[in-house]
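*Asks:* Please read through the structure below; I'll follow up with questions.
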Amino acid sequence: MTPMHGPSFGVVELPCPRSQPAPSDWGEEPQVLASRVVFPSNTNHHATLFAGETFSMLVSAALVVAARRARASVVVARSQIEFTAPVKVGALAETTARVLSVNSRSIEVGAHLWAEDLETSARCLAARATFVFVVVDHDGRPRSPGNEQAGTAGGEP
């Protein structure tokens, strides 16, 4: 068996100045919580999580929240993402998402990706995103999400 070269899976130093609170600065539990360990196959040449992997984790959690809210198919109409810290190999990447607002045409969802050192429990916010989803019928045409509630949740993601 050939030894693995590159970063070790041991100590993961997060680029956070201090530990941050548990994943939800929204004031209540998120509607979706997903996590996975970051392996070398998910990283770039700096041994940090690919931006595309980060986006995929965020949009997947957000899509589940929007589809659950609509109880129908949804498509992303707009997205905005901010990368705040790199996620290193060996860290736990935890994604949270929840509905921010619903109107007659769309559902807005906020999502966060947290990085956690499994040995020290140090955490930091690695990325945050906002997605606007449009609910579509079986023919792919936009339709109302139903039961509109302006500002269904408080605060920004």
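*Asks:* Provide Rg and Dmax in Å for region 50-115, with only Cα atoms included in the calculation.
*Replies:* 12.7, 42
*Asks:* Where Rh denotes the Kirkwood radius from the mean inverse Cα pair distance, what is Rg over Rh for region 41-157? Don't skip to the end; give the middle numbers.
*Replies:* Numbers: Rg = 15.6 Å, Rh = 14.9 Å.
Rg/Rh for region 41-157 comes to 1.05.
*Asks:* Can you order the peptides 49-55, 62-68, 72-78 by their average number of other Cβ atoms within 10 Å per residue, highest first? Before the final figure, lay out each step's value.
*Replies:* Numbers: 49-55: 17.3, 62-68: 21.0, 72-78: 15.1.
Top of the packing list down: 62-68, 49-55, 72-78.
*Asks:* What full-extension length gain, to one decimal in nm, is calculated for Phe50 and Ser101 as 0.36 nm per residue of separation minus the Cα-Cα distance?
*Replies:* Working: separation 51, 0.36 × 51 = 18.36 nm, distance 2.91 nm.
Net length gain for the segment: 15.4 nm.
*Asks:* Okay, next question. Expressed in nm to one decimal, what extension gain is obtained for the pair Arg143 and Ser41 from 0.36 nm per residue of sequence separation less their Cα-Cα distance? Before the final figure, lay out each step's value.
*Replies:* On the way: separation 102, 0.36 × 102 = 36.72 nm, distance 3.92 nm.
Length difference between fully extended and current span is 32.8 nm.
*Asks:* In nm, to one decimal, how far is the modelled label at Phe83 from the one at Leu33, with both set 7 Å along Cα→Cβ?
*Replies:* Calculated label separation equals 2.7 nm.
Readers should treat all values here as calculations from the given coordinates under stated rules, not as data from a laboratory. Note that the coordinates shown come from a computational prediction; the quantities given were computed from them, not determined experimentally. When we count neighbours, we look across all protein chains shown, and the Cβ atoms used for this are built from the backbone with ideal geometry, even at glycine.
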